[in-house]
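Please read the structure below before turning to the comments.
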Amino acid sequence: MEFPYGKAPLAIGLIALVSGAVVWMAARSDQKPEGRPDLVFATFVKEQAEAYRPAIAQFEREHNVKVQVQVVDQQALQGRLQAALQAGADVPDMVELLYGTLGGFTKGPIADVGFVDLTQRVKAEGLYDKLVSSRFTLWSTRGHIFALPHDVHPVMLVYRRDLLEQLGIDVNALTTWDEFCRVGREVVTKDLDNDGVPDRFMLDLPPDGSDSLRLLMLQRGVTLFDQREQVCFDTDRAADVICWYVRQTHSKDKIAVTCGWGQTLARAMIDGRCLFYMCPDWRTMQIRADIPSLEGKLAVMPLPAWEPGGIRTSTWGGCGLAMTKSCRNPELAWQLAMYLYYDADQLGKRFAATNILPPLKEAWTRPEFDEPRPFFSNQRLGRLYAALAPQVPAETYTPYSTQAVGRLSEAFTNTALYYEAHGDEGMRDHARAELRRCADMVRASMSRNRFLKMAAQAQVAPEAVSR
């Protein structure tokens, strides 16, 4: 059987595949420990690697083993690992993956996925009941779990408490987005120097939507894919969120502006450019490290709900731990995974160092989650984020999630352009049509993957992943 696109593309593809594997092996050879390690653990997060080291050292002593930790750039890790798995080259025993990237490894048959299927182990350990169960959907496909969730990442709003108090705003009254926007228009968003341009806004939102749009859609109950991994973002609710977002970021009465990241964000927060910012748990530590001058001036609150009594959070980000099929000692790797990810005593100390909420519910009873944080006006961050964790909505990621994110962005951009040209009239219908067009493009791509098509026809439901 000949390669359908000709010999030249076949040769180029083989060269790229082998080159990627060689680069991966070269990168591994740069970190040679004394003696052969029993396990090689790769991660893309330097801070997490540092947080793991005390626990790994204890694990090594208790089991008389050697664990080598490698820190690799996320994009390099993704690309090299994919190439090495396909080429059958040497790979780490355990790998931490970024949320949304599992699909790159699962386009083909389940049997060809390069990671160990953890579904039965998860059931045997009772993890589905012990953890925030919605986090398993990040690491599952077609009823099979291929990685363990590291985190929950509930989203709250961080705000300038001192400035809101000066304005007489009670954050406890901001329970819905309608009320939040009303206060933003009537009280907060102002031209302070009378030059005709507003200087202060209610909320930091990027005008292109990006992650903020998706987390708001998720809070509203809109996902890119449903539980059966079929495209489902072309709904009335999705159109409503897009129209709301366009009005808040593009209209003459907008309450939101982008404050960027890094030094730009720090300057904006210090100056009070915006009073509220989207804040998953991991961002609290970034803010504390980057803007120490705001100590005692900040606080966090749940997201306003889309409707009275609705959920008050969303989620942003995630990390999961997978075992490669070439793992030399799967039992030892599983023991390390359980010890590193789900030992409650360790998780309390790790939360104190990182502010990242673990998915193990038992860990939230540890004293570190009740400690007041002076930087955040003595709020008990751990207790506040843990209270929202059970509400965190599930996200379904597939091999086509990257494409779906791009198409959603396209629909949003075209709706924003329509609004700028025509105003509010007809915008919702335009958004609905754009969402359907873009969703159908993803559906067309998926229809050409016979393995996913067969799974859809078999109607594999998420219940197969759970109990």
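Among the residues examined, THR324 qualifies as among the β-branched types (Val, Ile, Thr) and either open to solvent by 50 Å² or more (accessible area, probe 1.4 Å) or under 25 Å from VAL65 (Cβ atoms) (or both). Within segment 60-110, the set of residues being among the charged types (D, E, K, R), touching a helix residue (DSSP H, G or I) at 6+ places or on another chain (Cβ under 8 Å) and in a loop (DSSP other than H, G, I, E, B) comprises LYS66, ASP90, ASP93, LYS107.
The residue of segment 380-431 that is nearest to PRO109 (Cα to Cα), among those that are over 23 Å from the mean Cα position of the chain (by Cα), among the hydrophobic types (A, V, I, L, M, F, W, C) and open to solvent by 60 Å² or more (accessible area, probe 1.4 Å), is LEU417.
Could we say that ALA411 is in contact with an Asp or Glu (Cβ under 6 Å, 6 or more places away or on another chain), in contact (Cβ under 8 Å) with a residue 24 or more places away in the chain and of a type in the set (Gly, Ala, Ser) here? Here the answer is yes, as ALA411 does meet what is asked. Just to be sure before I move on: is ASP199 of a type in the set (Asp, Glu), over 21 Å from the mean Cα position of the chain (by Cα), farther than 25 Å from PRO308 by Cβ and surrounded by fewer than 17 Cβ atoms within 10 Å (Cβ to Cβ) in the structure I sent? Here the answer is yes, as ASP199 does meet what is asked.
In segment 297-307 there is no residue matching the filter, namely being over 18 Å from MET156 (Cα atoms), open to solvent by less than 20 Å² (accessible area, probe 1.4 Å) and outside any helix (DSSP H, G or I). All told, SER140 falls short of being touching a Ser or Thr at 6+ places or on another chain (Cβ under 9 Å), loosely packed, with under 15 Cβ neighbours inside 10 Å and of a type in the set (S, T, N, Q).
Suppose we filter VAL187, VAL222 for residues that are surrounded by 22 or more Cβ atoms within 10 Å (Cβ to Cβ) and of a type outside the set (Phe, Trp, Tyr); which single one remains? The conditions single out VAL222. When you scan segment 356-376, do you find a residue that is at pLDDT below 95, among the acidic types (Asp, Glu) and over 25 Å from LEU102 (Cα atoms), even just one? Checking segment 356-376: not a single residue is at pLDDT below 95, among the acidic types (Asp, Glu) and over 25 Å from LEU102 (Cα atoms).
Listed here are the residues, each with its yes/no results for (1) touching a residue at least 40 places away in the same chain (Cβ under 8 Å); (2) within 18 Å of the chain's Cα centre (by Cα); (3) in a helix (DSSP H, G or I); (4) within 18 Å of ARG312 (Cβ to Cβ).
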| position | (1), (2), (3), (4) |
| --- | --- |
| SER134 | yes, yes, yes, yes |
| VAL152 | yes, yes, no, yes |
| MET156 | yes, yes, no, yes |
| GLN166 | no, no, yes, no |
| ASN194 | no, no, no, no |
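Taking GLU179, is it more than 30 Å from TYR339 (Cβ to Cβ) and either surrounded by 14 or more Cβ atoms within 10 Å (Cβ to Cβ) or modelled with pLDDT of 95 or more (or both)? The answer is yes for GLU179. With respect to the stated conditions, SER293 is open to solvent by 50 Å² or more (accessible area, probe 1.4 Å) and not in a loop (DSSP other than H, G, I, E, B). Looking at (1) assigned to a helix (DSSP H, G or I); (2) open to solvent by 20 Å² or more (accessible area, probe 1.4 Å); (3) closer than 21 Å to GLU50 by Cβ, which one does LEU336 not meet, given that it meets all the others? Just one mismatch for LEU336, condition (2).
The values are calculated or read from the model by the stated rules, or taken from the named source; none is laboratory data. Keep in mind that what you see is a predicted model, and the values were worked out from it rather than measured. Backbone-built Cβ (ideal geometry, glycine too); neighbour counts: all protein chains shown. Accessible surface areas use protein heavy atoms only, side chains included; no ligands, DNA or RNA. Shrake-Rupley method; radii C 1.70, N 1.55, O 1.52, S 1.80 Å.
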